[in-house]
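**Student:** This structure is in structure tokens; I'll ask about it shortly.
A short reminder: the numbers here are calculations on the coordinates, not readings from a lab. No experiment lies behind these values; they were computed from the predicted model shown. A quick note on method: Cβ atoms are made from the backbone with ideal geometry, for glycine too, and the neighbour counts reach across all protein chains shown.
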Amino acid sequence: MPLTKTRFLENVMHIPDGYLSPQTYIPLYGVSIVVWRMALKKIRDDLSAKHIPYLAMAAAFSFLVQMFNIPIPGGTTGHAVGAGIIALLLGPWTAVIAVSVVLIIQAFVFGDGGITAIGANCFNMAIVMPFVAYWTFNLLRGLSQNTVRVTVAAFFSGYVGLSAAAICTAFMFGIQPVIASGPDGMPLYAPYPLSIAIPAMAIEHLFLFSIVEGVMTVALLKYFLKNESTLIYAMKETSHEKI
Amino acid sequence: MKRFEKKLWLGIFAMAVLSPLGIILPEKFGAEGAWGEWGTDTLEKLLGYVPGGLKKTADIWAAPIRAYSFGGEGAVLSTRIVSYIVSAFIGIVLAYIIILVISRLLFKHEK
């Protein structure tokens with residue numbers, strides 16, 4: 001497998017137009033719309049007007065953090081998403097909305113991610129990622145306040161969250177040749193099978209981008225623990241019952 | 001505004017100003033940018049053909065600030081750096097406005 005062949009797959013966290021078949025992106029639009037409605041209801045019940053500035057900051061932060069492309073020398077680039085730390089600070093449902101808003105802006109204004117793929121991209125980065133991150137954190141932390149345990153839980157929260165999003169993205173690409181081929185048997189959309197798509201996306205995330213996401217999650221959680229610890233959604237006594 | 005909130009906004013503005021690192025570092029390390037590598041001509045080179053459905057949908061939307069650059073993807077680095085910072089602030093403002101509108105609708109009985 002020549003290097004150049006996988007190159008286009010790498011860092012396609014934001015799926016562009018034309019890479020997913022309608023039978024993939026239409027149902028994913030459906031799923032995202034359902035989850036958006038649930039999330040808005042959850043936010044109305046769980047948060048109050050005083051959280052609005054933080055919600056806005058969370059979205060701004062996610063937009064910016066995605067601009068910091070991290071290079072693999074001679075290879076390609078990737079970036080953190082921030083959905084994990086937002087889920088820990090403001091809750092996974094809030095992260096769904098904050099990151100979705102970002103992905104929609106990116107697609108419409110900057111052509112980063114396709115218009116047809118908004119549902120798919122939101123599913124990966126704004127739904128799978130914050131929930132996997134949140135669950136990972138709770139699973140590893142338990143109810144412990146121990147610094148080491150909280151740190152480890154925060155790291156893996158970001159690490160597993162972004163990795164899960166990357167693998168979901170790769171899965172969406174990889175099933176395209178199977179489910180959408182022309183009458184001549186040639187793929188109509190993303191042309192590479194799972195056996196190429198999954199390793200290409202998984203390796204670079206597991207070994208670099210997800211580590212960056214994990215470290216960032218730890219650093220920001222520590223900052224909030226020090227300065228505004230009462231705000232942290234995932235560490236409120238009742239947070240386990242809320243979800 | 002609370003002091004802590006002010007600090008966070010300062011952090012966000014600092015990120016916006018520093019954002020060009022996200023294009024300068026990849027350039028320095030010879031890493032290909034996050035955009036443009038999915039162009040249909042690149043695929044043509046890699047595969048020898050462009051998948052039919054992909055060809056039809058790829059250019060369905062013309063984004064006003066494609067690839068966060070006012071001079072297009074191939075612009076000189078200085079143009080891309082300025083565009084990148086401006087894009088960062090456009091992103092902040094848009095995110096802020098959209099979240100504010102959503103929140104107003106959600107919490108209209110509060111305040």
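**Student:** Can you compute the FRET efficiency between B:Thr42 and B:Val76 using 1/(1 + (r/R0)^6), with r the Cβ-Cβ distance and R0 = 25 Å? Round to the nearest 0.05.
**Tutor:** 0.75
**Student:** Of A:Ile232, A:Ile85, A:Ile179, which has the largest mean-square fluctuation in a 10 Å C-alpha GNM of chain A?
**Tutor:** With Cα springs under 10 Å in chain A, the top fluctuation among A:Ile232, A:Ile85, A:Ile179 is at A:Ile179.
**Student:** Share of Cα-Cα pairs in segment A:105-221 beyond 24 Å, in percent?
**Tutor:** For segment A:105-221, the fraction of Cα-Cα distances above 24 Å is 37 percent.
**Student:** Looking at segment B:11-108, which chymotrypsin sites (Phe, Trp or Tyr not before Pro) are in a loop (DSSP not H, G, I, E or B) and have at most 10 other Cβ atoms within 10 Å?
**Tutor:** none
**Student:** Now for a separate question. When only C-alpha pairs under 8 Å and at least 6 residues apart count, what is the relative contact order of chain B, in percent?
**Tutor:** 25 percent.
**Student:** Which one of A:Gly84, A:Gly174, A:Gly75 has the biggest mean-square fluctuation once chain A is modelled by GNM with Cα springs under 10 Å?
**Tutor:** A:Gly75
**Student:** In sequence order, what are the phi-derived ³J(HN,Hα) couplings for segment A:128-137 according to the Karplus relation 6.51 cos²θ - 1.76 cosθ + 1.60 with θ = phi - 60°, rounded to whole Hz, with x for glycine and proline?
**Tutor:** Karplus values, whole Hz, x for Gly and Pro: 4, 4, x, 6, 4, 4, 5, 5, 4, 4.
**Student:** Quick check on chain A: helices-only [θ] at 222 nm, where DSSP H runs of length 4 and up contribute -39,500 (n - 2.57) each and the sum goes over total residues. Nearest 500, please.
**Tutor:** It lands at -20000 deg cm²/dmol.
**Student:** Pull out the extension gain between A:Thr151 and A:Leu194, defined as 0.36 nm times the separation in residues minus the alpha carbon to alpha carbon distance; nm, one decimal.
**Tutor:** Full-extension gain reported as 12.1 nm.
**Student:** Partner chain Cβ atoms within 10 Å, averaged over the residues of B:10-17 - can you pull that number for me?
**Tutor:** Counting Cβ atoms of other protein chains within 10 Å of each residue's Cβ and averaging gives 3.
**Student:** Counting other beta carbons within 10 Å of each residue's own, what order do B:Leu105, A:Leu194, A:Leu221 fall into, fewest first?
**Tutor:** Ascending Cβ contact count within 10 Å gives the list B:Leu105, A:Leu194, A:Leu221.
**Student:** Report the calculated FRET efficiency for B:Asp59 and A:Gln23 (r = Cβ-Cβ distance, R0 = 30 Å), to the nearest 0.05.
**Tutor:** 0.90
**Student:** Which whole-number percentage describes the relative contact order of segment A:13-242, with Cα contacts under 8 Å and a sequence gap of 6 or more?
**Tutor:** Reported as a whole number, the value is 24 percent.
**Student:** Using a basic spin-label model with each label point 7 Å from the Cα along Cα→Cβ, how many nm lie between A:Thr230 and A:Leu143?
**Tutor:** The answer from the label model is 2.1 nm.
**Student:** Here's another thing I want to ask about it. Which whole number gives the average count of other chain Cβ atoms within 10 Å of the Cβ atoms across peptide A:190-203?
**Tutor:** Mean shielding count: 1.
**Student:** Could I ask something else about it? Between B:Phe4, B:Val50, B:Ile92, whose Cα lies farthest towards the positive end of the dipole of segment B:3-106 when Lys and Arg beta carbons carry +1 and Asp and Glu beta carbons carry -1, centred on the Cα centre?
**Tutor:** The residue sitting farthest along the positive end of the dipole is B:Phe4.
**Student:** Which value, in debye to the nearest 20, gives the size of the charge dipole of the protein assembly as shown about its Cα centre, when Lys and Arg are +1 and Asp and Glu are -1 at the Cβ?
**Tutor:** The dipole magnitude comes to about 1220 debye.
**Student:** Connecting C-alpha atoms closer than 10 Å in a GNM of chain B, tell me which of B:Ile23, B:Ile97, B:Ile85 has the biggest fluctuation.
**Tutor:** Evaluated over chain B, the most mobile residue of the options is B:Ile97.
**Student:** Just rank A:His205, B:His109, A:His79, fewest to most, by other beta-carbon atoms within 10 angstrom.
**Tutor:** Starting with the residue having the fewest Cβ neighbours, the order is B:His109, A:His79, A:His205.
**Student:** How large is the Rg to Rh ratio of chain A when both quantities use alpha carbon positions and Rh follows Kirkwood?
**Tutor:** We get a ratio of 0.99 for chain A.
**Student:** Then there is this: So if I place +1 on the C-beta of Lys and Arg and -1 on the C-beta of Asp and Glu, and nothing else carries charge, what would the dipole magnitude of segment B:3-106 be about its Cα centre? I want it in debye, nearest 20.
**Tutor:** 480
**Student:** Decide, for segment B:10-111, between rounded, prolate and oblate: order the square roots of the alpha carbon gyration tensor eigenvalues as a ≥ b ≥ c, take rounded if a/c falls under 1.5, and otherwise choose prolate if a/b is larger than b/c, else oblate.
**Tutor:** oblate
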